[in-house]
């Protein structure tokens, strides 16, 4: 998340949105893994967690072609669903969704 057009914002209490315009689906995965590794390298203590002594990050990734006719709410809903899928599979996980013709297609994360 280093290019001038990349965008990060808090979306909810512990939820953030990262927009990566002009990045292919594979690139989104690479950026997500780098973000997870950067957070892990900080070794931020998580005193109140019984699962891990350090803060970790689960992510739901959603990607679509710009020429597809998706509204932002559809993309956010797909990312949210992917996030909960990642959380269901344990801490520090990734789950990806590719939006194709008004359908969310999940990929292994």
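If you take the residues of segment 1-19 that are more than 21 Å from residue 84 (Cα to Cα) and surrounded by 10 or more Cβ atoms within 10 Å (Cβ to Cβ), which of them is farthest from the chain's Cα centre (by Cα)?
Residue satisfying both the conditions and the ranking: 3.
Could you check, for segment 87-95, whether at least one of its residues is in contact (Cβ under 8 Å) with a residue 40 or more places away in the chain, on the phi > 0 side of the Ramachandran plot and assigned to a loop (DSSP other than H, G, I, E, B)?
Taking segment 87-95 as the starting set, the residues that turn out to be in contact (Cβ under 8 Å) with a residue 40 or more places away in the chain are 91-92, 94.
Then keep just the ones that are on the phi > 0 side of the Ramachandran plot; that gives 92.
This time we only want the ones that are assigned to a loop (DSSP other than H, G, I, E, B), so: 92.
Checked against the condition, which is being in contact (Cβ under 8 Å) with a residue 40 or more places away in the chain, on the phi > 0 side of the Ramachandran plot and assigned to a loop (DSSP other than H, G, I, E, B), segment 87-95 yields at least one hit.
With the condition kept exactly as written, say whether any residue in segment 72-82 is free of Cβ contacts under 8 Å to residues at least 24 places away in the same chain, out of contact with any helix residue (DSSP H, G or I) (no Cβ under 9 Å at 6 or more places or on another chain), surrounded by fewer than 12 Cβ atoms within 10 Å (Cβ to Cβ) and part of a loop (DSSP other than H, G, I, E, B).
No, there is no match, as no residue in segment 72-82 is free of Cβ contacts under 8 Å to residues at least 24 places away in the same chain, out of contact with any helix residue (DSSP H, G or I) (no Cβ under 9 Å at 6 or more places or on another chain), surrounded by fewer than 12 Cβ atoms within 10 Å (Cβ to Cβ) and part of a loop (DSSP other than H, G, I, E, B).
Can you confirm whether residue 40 is in contact with a strand residue (DSSP E or B) (Cβ under 6 Å, 6 or more places away or on another chain), surrounded by 14 or more Cβ atoms within 10 Å (Cβ to Cβ) and assigned to a helix (DSSP H, G or I)?
no
Would you be able to say whether some residue in segment 51-63 is under 19 Å from residue 27 (Cα atoms), part of a loop (DSSP other than H, G, I, E, B) and modelled with pLDDT of 80 or more?
Yes, that holds for at least one residue.
Which one is farthest from residue 97 (Cα to Cα) among residues in segment 43-68 that are in contact with a strand residue (DSSP E or B) (Cβ under 7 Å, 6 or more places away or on another chain) and in contact (Cβ under 8 Å) with a residue 24 or more places away in the chain? Show your work before the answer.
Just the residues of segment 43-68 that are in contact with a strand residue (DSSP E or B) (Cβ under 7 Å, 6 or more places away or on another chain), to begin with: 43-46, 53-54, 59-64, 68.
From what is left, the residues that are in contact (Cβ under 8 Å) with a residue 24 or more places away in the chain are 59-64, 68.
Details: 59: 11, 60: 8, 61: 6, 62: 5, 63: 6, 64: 9, 68: 15 Å.
Looking at the filtered set, the residue picked out is 68.
Hey, can you tell me all the residues within segment 1-37 that are assigned to a strand (DSSP E or B), within 19 Å of residue 66 (Cα to Cα) and without any contact (Cβ under 8 Å) to a residue 40 or more places away in the chain? Give the derivation first.
We begin by selecting, within segment 1-37, every residue assigned to a strand (DSSP E or B); these are 7-10, 16-19.
Filter once more, keeping what is within 19 Å of residue 66 (Cα to Cα): 7-8, 17-19.
Hits for segment 1-37 are 7, 8, 18, 19.
The values are calculated or read from the model by the stated rules, or taken from the named source; none is laboratory data. As the structure is a prediction and not an experimental result, all values here were calculated from the model. All Cβ positions, glycine included, derive from the backbone under ideal geometry; neighbour counts span all protein chains shown.
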